[in-house]
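Scroll down for the structure; my scribbles are underneath it.
Each reported figure results from applying straightforward, stated rules to the coordinates on display, with no laboratory input. What you see is a predicted model; the values in this text were computed from it and never measured. Glycine also receives a Cβ, built like all others from the backbone with ideal geometry; neighbour counts cover every protein chain displayed.
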Amino acid sequence: MLYTRKGDSGTTKLFNCAVGVRVAKSNFIFEALGALDELNSVLGYAKALCKKAGIVVFTGERRIHYDEILHIFQEGLFLAQAELGGSPVRIKKTDVLFLEKIIFEIETMLPPIKSFIVPGGGEAGSYLDIARTIARRAERQIVSLGSGKENCVEDCTLQFLNRLSSALYALARFANYQEGYLERKPEYKC
């Protein structure tokens, strides 16, 4: 069943809630959980756009399709959501290292960044830029939660979220590159 009627009064439960204890849906933790959920959905759509465009990355000798990479990112987001919701599951250092590997591989194939880049280009690259901004918002919200010392997440989760937005930026740049779109820096005209 897709509904229980238990949340009709504006409350819900987290994994670590004591029996009978419910939390107001207005609690900021649900803003952070919602941002992670939004990001996961956006990555689902980005997967479809990248698959349609046939965009791939070479990691060592292996060709890996963007939809595979984005699926791995989504799995990490489910871990982050579970952890934030009080589950014992956690993001591991290997998840962070995977993101760093993707960033490194792409950086070796593109010219170095010398200024800000105006978002846009192809459909896939543009949407990955949107995902990047949502990832940054989710990271900020989770950091804000941690500053209150309740509902903190592990360091690996914060590292994962930080690297995720960088990986999405790299993927957006590379998608645009593969589709033949040139990067443009802002002109700062008055």
Which FRET efficiency value, to the nearest 0.05, do you get for LYS52 and GLU105 by plugging their Cβ-Cβ distance into 1/(1 + (r/R0)^6) with R0 = 22 Å?
0.50
Using the Karplus curve 6.51 cos²θ - 1.76 cosθ + 1.60 with θ = phi - 60°, work out ³J(HN,Hα) for each residue of segment 103-109 in order, rounded to whole Hz, and write x for Gly and Pro.
4, 4, 4, 5, 4, 6, 9
Over segment 48-187, what relative contact order in percent results from Cα pairs under 8 Å that are six or more residues apart?
31
To check my understanding: the extent here is largest minus smallest coordinate of the Cα atoms along each principal axis. What are those three numbers for segment 27-178, in Å, largest first?
43, 30, 30
